[in-house]
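The values are calculated or read from the model by the stated rules, or taken from the named source; none is laboratory data. Note that this is a predicted model, so its numbers are computed, not measured. Here the Cβ positions follow ideal geometry from the backbone for every residue, glycine too, while neighbour counts run over all protein chains shown. What goes into the accessible areas is simple: the full protein's heavy atoms, side chains included, and nothing from ligands, DNA or RNA. Shrake-Rupley method; radii C 1.70, N 1.55, O 1.52, S 1.80 Å.
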Amino acid sequence: MSLSSSLYLLRLGKNIIVPSQYVVQIKGYAKADAGGMFGKGKKKLKLSQPLERKVLPVETDPEKLVKFVCGSNIMKEGQDIEIKPDSEYPDWLWDIHIGPPLKLEELDPDTKKYWRRVKKAAMRRTNLMAKLKPF
């Protein structure tokens, strides 16, 4: 559990029981203090200040959405990447499976992907059997 979540649990109230393992973890950390060496003459930092939310601009122009990959330019200057015609892209790009994962029966047994899935299923079955096994 992180420091912030531990502090959140401690701020909830006196009626909540907090396990000792979480209380002990935060005892050694330094207190957040923005007041300088002795805290004279400066305001102290509040721990519960809300974070500012940034509103990201969303492109709504349909012509620009069709012609450019919006958001691809990370520099301050320049423009987004222009979308090329389909003939400019390699043929294998259109054969990529983008739907839900294929079932084991639909995969070809001569591929690595098939055997990785078989191994993963066997490990799941072994772990489930070990969990159900009495002491």
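Brief remarks follow.
- Failed item, numbered, when Asp80 is tested on (1) at pLDDT below 95; (2) out of contact with any Cys (no Cβ under 7 Å at 6 or more places or on another chain): (2)
- Of all residues in region 74-116 being within 27 Å of the chain's Cα centre (by Cα) and open to solvent by less than 80 Å² (accessible area, probe 1.4 Å), the one that is farthest from Lys64 (Cα to Cα): Leu102
- Test result for Lys43, surrounded by 10 or more Cβ atoms within 10 Å (Cβ to Cβ), modelled with pLDDT of 55 or more and of a type in the set (Lys, Arg): no
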